[in-house]
Amino acid sequence: MLPTLKPGTLVWVFHWAFLFNAPKPGDIVVFRISGEVFVKRVEKVSDNQVYLVGDNPEDSLDSRKLGAISLKNLVGKVIV
Amino acid sequence: MFNLFKPKIAYAHCDIPCGIYDPHDAQMAAHTVIRMTQLLGEKDSMHDVARITHVKEEHGALVEKELETLNHDYFKEEHFKENPQLRDLVLSAIKDSAKVRQSIDMETAKGLLEKTMQIAEIFYKTKGVEPIRIKSIYPTGGEIVIYK
């Protein structure tokens, strides 16, 4: 997620952010996929899925490879 | 209570985002598999055969590892869209890398190199440079893909 988040950056994650509100394009979200926790930025929102892309697209494992991510996999929104 | 505030790790990449990818090692390893296959036809002492087979195993596994790194970490959906043959090419090369270890099969070994070279050509094109095939300097002869 360079240049926004550098390795080791400590962030607060609001776990209830998407309880009543859907994620918006531009939000940075934390999500879970195959047991690992990742952080990426929302590019598009459609139905129950989000398309997530890293801020460093040259070198990012994101929806371009993983496909759209179900809202169920979102852990929360990065707030700081 | 304090666990609530304990930081957890969220990744932004599958591993370190180094951005350093190169299809050269896969091609070199594929040439090595061809060379070991040639040598297995020339040597007959049990000791030589054991050593050569060991190196063939290692380099067959290296081709697989290098191609999987490109496949999992480098190639993205847009690359597969622009090159519809890429996905099958990588899968077929990885299968061949197993076949060349299971048998002494020159035809498959040469096929593995050809597929690895085609993947290298696609790789260099995605990097915006022009791939070219040059004569290899190895005893296996044949070619290797580099870029201009």
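The values are calculated or read from the model by the stated rules, or taken from the named source; none is laboratory data. Keep in mind the model is a prediction, meaning the values are calculated, not measured. Methodologically, a virtual Cβ is constructed for each residue, glycine included, from the backbone with ideal geometry; neighbour enumeration extends over all protein chains shown.
Things to note:
- Flag for residue B:126 being polar (S, T, N, Q), without any contact (Cβ under 8 Å) to a residue 60 or more places away in the chain and within 21 Å of residue A:66 (Cα to Cα): yes
- Among the residues making up segment A:42-54, those that are surrounded by fewer than 20 Cβ atoms within 10 Å (Cβ to Cβ) and either part of a strand (DSSP E or B) or under 11 Å from the mean Cα position of the chain (by Cα) (or both) are A:43, A:44, A:45, A:46, A:49, A:51, A:53.
- Selection of segment A:29-50 for residues being farther than 15 Å from residue B:9 by Cα and within 11 Å of another protein chain (Cβ to nearest Cβ) yields only A:41.
- In the set (1) hydrophobic (A, V, I, L, M, F, W, C); (2) within 30 Å of residue A:57 (Cβ to Cβ); (3) in a loop (DSSP other than H, G, I, E, B), the condition left unmet by residue B:104 is number (2).
- Selection from segment A:1-41 of residues that are assigned to a loop (DSSP other than H, G, I, E, B), touching a residue at least 40 places away in the same chain (Cβ under 8 Å) and under 16 Å from residue A:80 (Cβ atoms): A:1, A:4, A:5, A:11, A:12, A:15, A:16, A:17, A:27
- Just one of (1) part of a helix (DSSP H, G or I); (2) at pLDDT 95 or above; (3) within 20 Å of residue B:125 (Cα to Cα) fails for residue B:69. It is (2).
- Residue match in segment B:53-63 (condition: surrounded by fewer than 18 Cβ atoms within 10 Å (Cβ to Cβ), at pLDDT below 95 and not hydroxyl-bearing (Ser, Thr, Tyr)): no
Residue-by-condition table, conditions (1) among the hydrophobic types (A, V, I, L, M, F, W, C); (2) surrounded by 15 or more Cβ atoms within 10 Å (Cβ to Cβ):
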residue: B:75; (1), (2): yes, yes
residue: B:83; (1), (2): no, yes
residue: B:94; (1), (2): yes, yes
residue: B:108; (1), (2): no, yes
residue: B:116; (1), (2): no, yes
residue: B:119; (1), (2): yes, yes
residue: B:134; (1), (2): yes, no
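- For segment B:39-46, the criterion of being modelled with pLDDT of 95 or more, more than 14 Å from chain A (Cβ to nearest Cβ), surrounded by 15 or more Cβ atoms within 10 Å (Cβ to Cβ) and closer than 25 Å to residue B:100 by Cα is met by at least one residue.
- Out of B:9, B:20, sole residue that is surrounded by fewer than 12 Cβ atoms within 10 Å (Cβ to Cβ), within 14 Å of chain A (Cβ to nearest Cβ), over 19 Å from the mean Cα position of the chain (by Cα) and not in a helix (DSSP H, G or I): B:9
- Residue in segment A:51-80 that is farthest from the other protein chains (Cβ to nearest Cβ), counting only those that are among the polar types (S, T, N, Q) and touching a strand residue (DSSP E or B) at 6+ places or on another chain (Cβ under 9 Å): A:70
- Residue within segment B:63-80 that is touching a residue at least 40 places away in the same chain (Cβ under 8 Å), among the aromatic types (Phe, Trp, Tyr) and in contact with a strand residue (DSSP E or B) (Cβ under 6 Å, 6 or more places away or on another chain) present: no
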